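The values are calculated or read from the model by the stated rules, or taken from the named source; none is laboratory data. These numbers come from a predicted model, not from an experiment. So basically every Cβ, Gly included, is an ideal-geometry build from the backbone, and we count neighbours across all protein chains shown. Side chains are part of the model used for accessible areas, which takes the heavy atoms of the whole protein and leaves out ligands, DNA and RNA. Shrake-Rupley method; radii C 1.70, N 1.55, O 1.52, S 1.80 Å.
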Amino acid sequence: MIWNYEVGRIYRTDDKGKVLSETNYSHKDNGIVEIERVYVAPELRGKGAAHETMTVVADYLRKEGLKATANCSYAQAWLQKNKEQYSDILA
């Protein structure tokens, strides 16, 4: 599966184009993005797909020199749980 990167959206699809997981975010001021939603297809829930998605998002933000906040409850919990590893991307 290949990750796709668009402005405000990072996602992956299966070979038929079905979205398997997705994160939506918006750009705020001063290089900060707000993670608004983490979606995982029902058949992948409970299998680590949301964690994998957030890891891809966090690595992307790090590479781009961006910092994150989140209003999505899953993303907030994930950032808090992984704050030591990703402290450089926390706004």
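Scanning segment 50-65 for residues that are touching a residue at least 12 places away in the same chain (Cβ under 8 Å) and more than 11 Å from the chain's Cα centre (by Cα) gives ARG62, GLY65.
One residue stands out among those in segment 37-91 that are out of contact with any Ser or Thr (no Cβ under 6 Å at 6 or more places or on another chain) and in a strand (DSSP E or B): the one that is least open to solvent (accessible area, probe 1.4 Å), which is ALA68. Considering segment 24-36, the residues that are open to solvent by less than 80 Å² (accessible area, probe 1.4 Å) and either part of a loop (DSSP other than H, G, I, E, B) or among the hydroxyl-bearing types (Ser, Thr, Tyr) (or both) include one that is nearest to GLN80 (Cα to Cα), namely TYR25.
Out of LEU44, LEU61, report the one residue that is at pLDDT 95 or above, closer than 19 Å to VAL19 by Cβ and among the hydrophobic types (A, V, I, L, M, F, W, C). Write out each step before concluding.
Details: LEU61 fails: closer than 19 Å to VAL19 by Cβ.
On inspection, the qualifying residue turns out to be LEU44.
May I ask you to verify whether LYS83 is under 15 Å from TRP3 (Cβ atoms) and basic (Lys, Arg)? Before the answer, list the steps.
Values: under 15 Å from TRP3 (Cβ atoms): no; basic (Lys, Arg): yes.
Judged against the criteria, LYS83 is not a match.
Any chance you could count how many residues in segment 6-17 are under 21 Å from LYS47 (Cβ atoms) and surrounded by 10 or more Cβ atoms within 10 Å (Cβ to Cβ)?
First, pick out the residues of segment 6-17 that are under 21 Å from LYS47 (Cβ atoms): 10-17.
Filter again for surrounded by 10 or more Cβ atoms within 10 Å (Cβ to Cβ), leaving 10-14.
Matching residues across segment 6-17 total 5.
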